[in-house]
């Protein structure tokens with residue numbers, strides 16, 4: 001995955017409390033006043049993993065950290081994914097770097113003995129999440145725009161064959177992917193669908209209101225009320 005980094009941070013208190021779908025904020029050097037939010041990728045004992053693409057000064061700074069260096073990290077923050085009691089079959093849809101928070105959810109589901117399908121979409125095979133990092137008990141479907149993986153298409157193409165199978169659907173990806181999913185009402189029906197919003201944040205704790213989004217219940221803050229929402233809860237044409 002060119003331009004994508006996976007780092008492990010020793011943060012025992014955060015790792016112990018973290019849930020799939022939650023996030024942390026990091027101070028990325030003294031030259032940047034705002035902390036950067038990143039989804040928790042997975043946890044392992046006293047450590048947590050962060051998977052991120054370099055998209056600006058903050059993530060560029062973070063990508064250069066070396067083993068043994070200290071990072072200022074706050075979390076876990078927000079409300080994560082919720083596997084309903086009685087659900088046995090989970091369908092996870094990841095668009096690009098949206099795979100970051102879904103791997104922990106896949107691990108949790110598979111660890112509880114649930115059937116989990118993880119669909120990962122990317123532009124080309126080199127940008128797909130490594131297959132050997134996905135839990136063995138998870139059924140992995142890899143798809144690319146150019147057909148360089150086993151299957152050609154986009155991740156949402158696989159809602160049609162698998163939506164009926166799943167008890168719950170979870171997704172993380174670009175807003176365009178969520179808009180497309182929201183237009184599949186007849187396909188999804190009353191199926192519970194949870195999506196993780198990745199919005200620009202200021203404080204990450206609900207004080208600045210910089211990550212406000214319009215929902216059918218009024219304005220909500222991604223950092224405090226999310227980042228996980230029900231698909232039908234968000235008014236998608238109000239999000240840029």
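Kindly establish whether residue 200 is surrounded by 14 or more Cβ atoms within 10 Å (Cβ to Cβ) and not in a helix (DSSP H, G or I). It is false that residue 200 is surrounded by 14 or more Cβ atoms within 10 Å (Cβ to Cβ) and not in a helix (DSSP H, G or I). Just one residue in the set 108, 123, 69 is free of Cβ contacts under 8 Å to residues at least 12 places away in the same chain and either more than 17 Å from residue 25 (Cα to Cα) or surrounded by fewer than 21 Cβ atoms within 10 Å (Cβ to Cβ) (or both); that residue is 69. Which of the following residues is outside any loop (DSSP other than H, G, I, E, B), crowded, with 19+ Cβ neighbours inside 10 Å and over 16 Å from the mean Cα position of the chain (by Cα): 228, 195, 213? Selected residue: 213, the only one of 228, 195, 213 that is outside any loop (DSSP other than H, G, I, E, B), crowded, with 19+ Cβ neighbours inside 10 Å and over 16 Å from the mean Cα position of the chain (by Cα). Being without any contact (Cβ under 8 Å) to a residue 60 or more places away in the chain and outside any helix (DSSP H, G or I) is the filter here; which residues of the stretch 126-136 pass it? Within the stretch 126-136, 134, 135, 136 meet the criteria.
The set of residues in the stretch 23-53 being modelled with pLDDT under 95, under 19 Å from the mean Cα position of the chain (by Cα) and outside any strand (DSSP E or B) consists of 35 alone.
Let's see how each residue does on (1) in contact (Cβ under 8 Å) with a residue 24 or more places away in the chain; (2) surrounded by 21 or more Cβ atoms within 10 Å (Cβ to Cβ); (3) in contact with a helix residue (DSSP H, G or I) (Cβ under 9 Å, 6 or more places away or on another chain):
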{"position": "1", "(1), (2), (3)": "yes, no, yes"}
{"position": "17", "(1), (2), (3)": "yes, no, no"}
{"position": "21", "(1), (2), (3)": "yes, yes, yes"}
{"position": "42", "(1), (2), (3)": "yes, yes, yes"}
{"position": "47", "(1), (2), (3)": "yes, no, yes"}
{"position": "65", "(1), (2), (3)": "yes, no, no"}
{"position": "86", "(1), (2), (3)": "yes, no, no"}
{"position": "93", "(1), (2), (3)": "yes, yes, yes"}
{"position": "99", "(1), (2), (3)": "yes, yes, no"}
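Looking at the stretch 8-22 only, could you name the residues that are part of a strand (DSSP E or B) and farther than 15 Å from residue 101 by Cα? 9, 10 - these are the residues of the stretch 8-22 that are part of a strand (DSSP E or B) and farther than 15 Å from residue 101 by Cα.
Condition check ((1) buried (at least 20 other Cβ atoms within 10 Å of the Cβ); (2) within 24 Å of residue 89 (Cβ to Cβ)) across all residues:
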| site | (1), (2) |
| --- | --- |
| 148 | no, no |
| 175 | no, no |
| 178 | yes, yes |
| 191 | no, yes |
| 205 | no, no |
| 221 | yes, no |
| 232 | no, yes |
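The values are calculated or read from the model by the stated rules, or taken from the named source; none is laboratory data. Note that the structure is predicted; figures quoted are calculated from it, not measured. All Cβ positions, even for glycine, are placed from backbone atoms using ideal geometry, and neighbour counts span all protein chains on display.
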